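Input: a single structure, listed below in structure tokens.
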Amino acid sequence: MKIRQVIPADLEAAYKIEASNFSPEEAASYEAVKSRIAKIPDTFLVAEIDGQVAGYIEGPAVNVRHLTDDLFQTVVENPATGGYIAVTSLSVAEDFKGQAVGTKLIAALKDLAREQKRDGITLTCQDYLISYYEKNGFTNDGQSQSTHGGAVWYDMVWENKA
């Protein structure tokens, strides 16, 4: 497995993975994925296996501890350093599930957060994923104010102690 920065040619595969893993209310639109690739490639990582996009993790760098729903719609270029990487999507292709793709993407994003001198990584997840993120070093900060997709979310934060 190779983890690398996203390139424009990854758009179709990334969008297909996004649409297959999230409900229509939660999934990023084609235009949103395209915008994220264009504007925040420095915090958009792709896992590639045998030349195929197996999954990805991405999100903007923000100056707040918890992500807000506007981040799912609006993307601006990242500051060079500081803030938290706010994960707006971690998604793995069906053919590659159960192969630790997500865990390896999280580890690579932590390394990137250290390199970019970020405060940490923040994300929201539904209750059934809390233990997964806790196993990956995140702390549950409780129920989120997010109402993205009409779901109940929990704020999860990994602190960069480097």
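Most tightly packed first, judged by the mean number of other beta-carbon atoms within 10 Å of their residues, the peptides 81-89, 19-27 read 81-89, 19-27. Taking the helices alone, the chain has a mean residue ellipticity at 222 nm of -7500 deg cm²/dmol, built from -39,500 (n - 2.57) per DSSP H run of at least 4 residues and averaged over all its residues.
Of all DSSP beta bridges confined to segment 1-140, the antiparallel ones make up roughly 80%.
Using a 1.4 Å probe over the heavy atoms of the protein chains, calculate the carbon and sulfur portion of the accessible area of the chain as a whole percent. Carbon plus sulfur share of accessible area: 50 percent. The orientation-averaged projected area of the convex hull spanned by the Cα atoms of the chain comes to 8.4 nm². Computed about its Cα centre, the charge dipole of the chain is approximately 500 debye, with only Lys, Arg, Asp and Glu carrying charge at their Cβ.
Around the Cα centre of segment 1-71, unit charges on the Cβ atoms of Lys, Arg, Asp and Glu (plus for the first two, minus for the last two) sum to a dipole of about 240 debye.
With 22 Å as the limit, the listed pairs Lys2/Lys110; Lys34/Lys117; Lys97/Lys117 have Lys34/Lys117; Lys97/Lys117 beyond it between alpha carbons.
The values are calculated or read from the model by the stated rules, or taken from the named source; none is laboratory data. Just so it is clear, the structure is predicted and the values come from calculations on it, not from any experiment. Every residue, glycine among them, receives a Cβ derived from its backbone with ideal geometry; neighbour counts consider all protein chains shown. Calculation scope for accessible area: heavy atoms of the full protein, side chains included, ligands and nucleic acids excluded. Shrake-Rupley method; radii C 1.70, N 1.55, O 1.52, S 1.80 Å.
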